[in-house]
Amino acid sequence: MRSLFRFLVRNYFLMMFLVLEAISLVLMISFNNYQRVTFFNSSNNIVGTVYEKFSNMDDYFSLGRTNARLAAENASLHKQLQSRIMNQEKYPINRPDTVDAPAYIFTSAKVISNSVNKQFNYISLNKGSRQGIKPDMGIISPEGVVGVITNVSANYSTGLSLLNKRFSIPAKITKNNYFGALVWDGEHYNTADLKEIPFHIIVNVGDTVVTSGYSTIFPEGIMIGTIKKFDVESGTNFYNIKVELSTNFKTLKYVEVVQNTKHAELIKLQSNNVGE
């Protein structure tokens, strides 16, 4: 104990210097966008490699659950495929296909880091620019919306989780197509708030909430959750709607990154309307 005390006294100024340097670095990254982006881009490869090692260890001990989930998904996909084949046989189309190339491309990725207990949660994936991942691409899971890519390195990427108070997504109620903005409430990892729905609209507990399509990031109709409860917001003409999220962020392992192939064209067109 005395040796430890003597060591602390002897190195007091050095330790204080290192602590103050660390605090300064955290403050600079937290409150300056340029430094934050530069830090994440330069550290993604190192941090991503460490996270991937820990994730691989965790995967080894959860192979049983993963295989069961994949088997269920394969069965569902085979069922959908068989249904489409039967419909094509029943209603054949004897004309050339004039449909454009798909607007959205999906790339599978593995979650190597994910937080749920902070006000600003992030997610890290094992795919980066070499696999075609870019900022502003959506992240979804088989259960629903997960988040959006913000920073990318060669082999890894990070993004805002839906469980981040900076993240907002256009959403709608499927039964009536009324849309609003879905934002996280900052309290529970399985609920979020749907805003801007007028109170004269009939809503019910259990109604499905999906992406509205009024976004260049997500396709229309991606599952978000179901209405858990609602009331009328005091002093306004809108509901307070609490949505139970369909994605379980505590068990998230595999996701898909959504690329809108017409994203640049839409952004360019929309930018021309600014100031009109």
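See the values below:
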quantity	calculated
Residue among THR247, THR261 that alone is under 21 Å from LYS134 (Cα atoms), touching a strand residue (DSSP E or B) at 6+ places or on another chain (Cβ under 7 Å), of a type in the set (Ser, Thr, Tyr) and in contact (Cβ under 8 Å) with a residue 24 or more places away in the chain	THR261
Candidate set: region 118-134, residues that are within 26 Å of ILE267 (Cα to Cα) and polar (S, T, N, Q); chosen: the one surrounded by the fewest Cβ atoms within 10 Å (Cβ to Cβ)	SER129
Number of positions in region 155-185 that are within 22 Å of VAL232 (Cβ to Cβ) and part of a loop (DSSP other than H, G, I, E, B)	6
Close pairs from region 166-187: first at positive phi and at pLDDT below 95, partner outside any strand (DSSP E or B) and charged (D, E, K, R), Cβ under 8 Å, at least 6 apart	GLY186/LYS165
Filtered residues of region 204-263 (kept if of a type in the set (Val, Ile, Thr), within 14 Å of LEU194 (Cβ to Cβ) and in a strand (DSSP E or B))	THR208, VAL209, VAL210, THR211, ILE224, THR226, ILE227, VAL232, ILE241, VAL243
Residues within region 186-203 that are closer than 30 Å to ASN126 by Cβ and part of a strand (DSSP E or B), tallied	2
Selected residue [under 15 Å from LYS253 (Cα atoms), surrounded by fewer than 17 Cβ atoms within 10 Å (Cβ to Cβ) and touching a Phe, Trp or Tyr at 6+ places or on another chain (Cβ under 8 Å)] from SER161, SER115	SER115
Filtered residue count, region 135-145, keeping only those that are in contact with a Ser or Thr (Cβ under 6 Å, 6 or more places away or on another chain) and either on the phi > 0 side of the Ramachandran plot or crowded, with 24+ Cβ neighbours inside 10 Å (or both)	1
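The values are calculated or read from the model by the stated rules, or taken from the named source; none is laboratory data. For clarity, every value in this text was computed on a predicted model and none was experimentally measured. Positions of Cβ are generated from backbone atoms using ideal geometry, with glycine treated the same way; all protein chains shown enter the neighbour counts.
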